[in-house]
1. If I stretch the segment between B:F632 and B:Q554 completely, what's the gain in nm (0.36 nm per residue apart, minus their alpha carbon distance), one decimal?
2. Quick check on segment A:194-249: take the gyration tensor over C-alpha atoms, sort the square-rooted eigenvalues as a ≥ b ≥ c, and tell me if it's rounded (a/c under 1.5), prolate or oblate.
3. Could you tell me which trypsin sites (Lys or Arg not before Pro) in segment A:61-128 are loop residues by DSSP with no more than 12 other beta carbons within 10 angstrom of their beta carbon?
4. Taking every pair of Cα atoms in chain A, average 1/r, invert it to obtain the Kirkwood radius, and report Rg/Rh to two decimals.
5. Apply 1/(1 + (r/R0)^6) to the Cβ-Cβ distance of B:Q451 and A:V78, taking R0 = 51 Å, and write down the FRET efficiency to the nearest 0.05.
6. Which percent of Cα-Cα pairs in segment B:466-589 sits in each 5 Å bin, short to long?
7. Based on the Cβ-Cβ distance from B:V405 to A:F52, what FRET efficiency comes out when R0 is 45 Å, to the nearest 0.05?
8. Restricting things to alpha carbons, tell me how big segment A:133-204 is in terms of Rg and Dmax, in Å.
Amino acid sequence: MTGHESSPFSPGRLGKMVFLTFATFVTLYPVFWVFKMAFTPSQGFDASPYPFPTNPSLDNFKHVLFELPFFTWLFNSVVVSAATTVLGVFLACTSAYALSRFRFPGRAPAMLSFLVTQMFPGVLMMIPLFLIMDSLGLLNQLLGLVLVYSTTAIPFCVWMLKGYFDTIPKELEEAALMDGATTSMIFWRIMLPLSLPAVAVTALFSFMTAWNEFILAAVFMNEESKHTLPVGLKQMVGPFATEWGNFAAAAILVSLPVVALFFALQKNLVGGLTSGGVKG
Amino acid sequence: MRDLRHFLFAAVAVTFGLGVLASFLGAVDRGRFKENQVLTAARAVAWVVQQEEILDEPPEDLAQRFIVAVGQQPATQSAFVLKKTRILLHSDPAQSGRRLDRESLADKALYDAAREMGSDVRKNDEEREKKPDLDFEPYGEAELADAGEGVLAVRVPVKVDGRFRSMAQVASQPAPLDTGYPLLLFLGLAIAVLLYAGLRTVLPTPGRLAVGTVLVAALALVGTLSTVLDWRDGVREKAIEREAALLTQLADAGLNGATPPEQRQALAHYLARDARGRASGDLVDLGAAKVGTPAPGRAYPAGDSVAVYDEAFRAHKRSGDARTLGTWGGAIATVGVAIFLLGALGFTGRATDSFIYHRRAYGYLSPAMLGLGVLVFIPVVYGIVLGFTNRIYNDFQFAGLTNYVAILSDFDVTHPQNFYFTLGVTFLWTTVNVVLHVSIGLFLALMLNDQMLKARGVFRVLLIVPWAVPNYITALIWKQMFHREFGAINFFLAGFGVEPIAWFQSFWTSFFTNVATNTWLGFPFMMVVSLGALQSIPADLYEAAVVDGATRWQRFKDITLPLLMPALVPAVIVGSVWTFNMFNIIYLVSAGQPNGATDILITEAFRWAFERDNYGYAAAYSTIIFVILLVFTIVTNRITGATKGAFE
C-alpha cells in the first residue's frame, strides 16, 4: 500500500499471495464443481467434494445439444439479447447525452424518474405489463421481450453513461461547434467514440439483462418455440439429482458467452462504474 | 414558478397516460366480451352434439336445428360441426347436413377448415389416450384461433363414449378494430397541442389568441363529453345484455330441451367460462324461468327459456373497477382539461416556446421516455391502482384500502406469511448481505491494490467470475450444492464426521444457504468499485502519513476510508436496493422454505399474485415495498448527498 516495500517477494506479499490463492480457490470451487457434474455421465454420479471428474465424458453435452430443443432456445436468446443490446444502448446513449449536455425544463424530473424506476418491484408491473403486451399483440413475440428488456435496462445505463459523459470536457464540443459541426455530428463523432468504455459496459449490462432474465420470459412466452435459454434451463431442473449433469452442461454452454463478454470488457468495468452510475 | 410548471407538465402527462391506459382497458374488455360470446356459442353447440349422442331419444334433428339457430345469431358468422371427421352440419339452413364437395370452389375454405378440424380431433384423441388424467372434463378445452380480418374462430372438441370424436366450430362476425374513443380524445389533444405549437411560430399575436381560444373550446367540449358519457360501463352493460340474449336464444333453440333438468346448473357454469377455462361467474342459471325463480322486477323476453345473470354480481361489477376507473379517468381528464384551459393561452404558449427552443434535448430524450412511459410508468400506475381492488372471479372490483389494512393491521408476527415477519427477514437479509459484500469486497480490494503484487491481474479477473455468471444459474447450482443427499456441502462436512444437514428444513440453515449464495454472487461488485476508488487515492498522501509516523491502522482509518466513501456510499445504496429486491436467489435457492419463512417481501408479493392468486393484495404489497425503498433512498440521499452532484 505504501509502495515502498522493496521486493515482490517480501513476507507480507507472500502472505497476500497465499491468502488470495486460497480466496480464489474458494470462489471458484462451485465453478469446478459444475464442470465436474457436466463432464460426469449421469450413471456414474459422483457427489464427493473432489472437484475434478474421475471419468470425464461428453454425454451430458450431447444430450443437451441434440436431444433438447437447445438450439431453438439459443436462437431466441441470441436474437432477443442482440436486439436488446442495440436498442438499449441506443436509447441509453441518446437520453444520457440529453441529460448530460442540455439544460431544459423537465430535466431534473426526468433524472429522478430514471432513479425511481430502479425501485419498482417487478411483481407490481407483471400483470399490467401482461395486459398491455396482450393488447399490443406482443405476447409470444420476441419483439415484446426486446422492448421490455431494453426499457428495464435503460435507467441504470443512463445514470452510468451520464456520469461518464459529464467527465468529457465541454471544450471538445465547443471546438467542434466552431468548426461547423452539428449536434448530431458531435454526438456520433465525438461523444460516442470518446465514451466507448462506458458504452461497452452499457452494452454488457443490456446484454446480460436479456440473456439472464427468466421470469418475464416465462410469463410472456407460452409457446415452446419461443422459449429463451433461461426458461429452458429452469425446466431442466427437476427434484432428482440425476438430471443435474445435463443442467450443469447446459449451464456451462449458456454461461460461456456472457462470461467471455464480461472478461473481454472487464477492464472497462472499473472505469465505467466508478466514474459513472455509482458515483451517482 | 418553476415548480408550478413541473406540476403542470406532470398533470398533463398523467392525464395522457391515464387516457391511453383507459382506452387499452376498454379495448381489452370489449375484446373479452366478444370472445366470451363466441366461446359460449361454441360450447353450447358442443354440448348439444354430445347430448344428441348420449340421450336415448333425442328430439328430432336437434343438433341440426340448433346449429342453424347459432349460425343466425348476430354475433356469429358461421357454425359447423364435424362428426367422425366428416362435416355433417353447418349453419346455412339450405345446406345443412350436406357433405362437402372438395372440388367446389365455394366449399374450399370450409373443406380446408374441416380437414384441419379432423386432424385436430385425431390429435386430441391420441393425446388424451396417452394422458388419461386429462379426461376430467366432458369436453376438451376450447381452442381459439384468429381467422383473420377480425374473425375469431373457436373450436371445442366433443367427447362421445369416452373418445374425442367430434368437434364444434363457431366463428364470429368480423369486427372492426376498436381502439376506444379515449385514445382518439388523447390523440386529438396531442395533435391540437402540436398544431398550436406550429401555428404559434408563424402567426401574429392576435391570431394566436384566436386559434388558441378555438382549440381550447374544442378541447373543453370533448373533455366534457368524455365525462358525461359513462363509456366503459355502458359498453360492459351492453355486452352482458347481449350475452344474456344470446344464451336465451340458444336455450330456446333447443339447448334446454336437450338438457336434463338436473344438469342445467352444470351447463350454465360450463357455458359461462372464459377462454382460460375459469368460471367467469356471470351466469347463474339457464332456463331458470322453468325450473327456478327469476330475479324479481325484471321483464323477460317472450319464449320458453331465459338466461339469468346474477343480479348481485352485476351490481358488484358496476360498482367495481369499471365504474371506478371510468370515474377516476373522467375526473383526472377533467382536471387535465381544466389545467389545459387555464394555462392554454399563457403557459402552453411558454411551454411550446420552451419546447421548440430545447427541441434537440427533448428529441434525444424522447425515444427512451416513450419506452419507459408505455412499458414502465403505465404498468406501475396501473399496478398501484390495482392495489385498491380485489379480484372476484375474473374481475377487479374497487376495494378501497382493504388490502392495505389487511396487510398492515395483522400483528401476528409468529406466522411466516405475516408482513412484519417478512419485513424483519428482509431487513436482516439486506443488512447481512450488504455487510458481507462490502467487507469481503473491500478486504480483497485492499489486498489487490498493490502494484508490486505478482499475478495481480489474474487474481482480479478470477475473483469477478461470480459476477459474470448469470444469477439464476448460480442460484440453481448452489441449491444443488446444498442438497441433503447429493450436495457437495454435506459431502464435504461428512469428511469432518458431520451428519448430513437438511439445509432447507429449519429457518437459520435455510437463511444461511441464501446468504451464502448471494454473498458469492455479490462481493465482486463491491470489490471492483472499491478497487477503482483505491486506485484513485494519491500515493503521496500515504507517504506524508508515513513521514508523520502514522500507523497502518491510522492510515487506513484517516486516509483510505474517508477517500473511499464517495464511491462506496452510492454503491452501498444501490447494492442495498438490489439485495432488497433480489428475487432470483430466494425464489430459486431456499424457495421460502421452511414454510415460507425465508421469503423476503418481493418473493412474498410474487406468491400472493401468482400462487395464491390474489392480485389486488399482491399489488398493495408491492406498493408498500416501493414506498419503503423510496423512503430509504430519499433518507440516504438527504444524509449522504449521494446524487447531489449528478443533478448539476
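Please treat every number below as a calculation from the coordinates, not as lab data. What you see is a predicted model, and the numbers here were worked out from it, not measured in a lab. All Cβ positions, glycine included, derive from the backbone under ideal geometry; neighbour counts span all protein chains shown.
1. Contour length minus Cα-Cα distance gives 24.9 nm.
2. Oblate.
3. Numbers: sites: A:K62, A:R101, A:R103, A:R107; in loops: A:R103.
Those satisfying the criteria are A:R103.
4. Over the Cα atoms of chain A, Rg/Rh equals 1.06.
5. Computed FRET efficiency for B:Q451 and A:V78 comes out at 0.80.
6. 2, 9, 15, 15, 12, 11, 10, 9, 9, 5, 3, 0
7. 0.20
8. 16.8, 51
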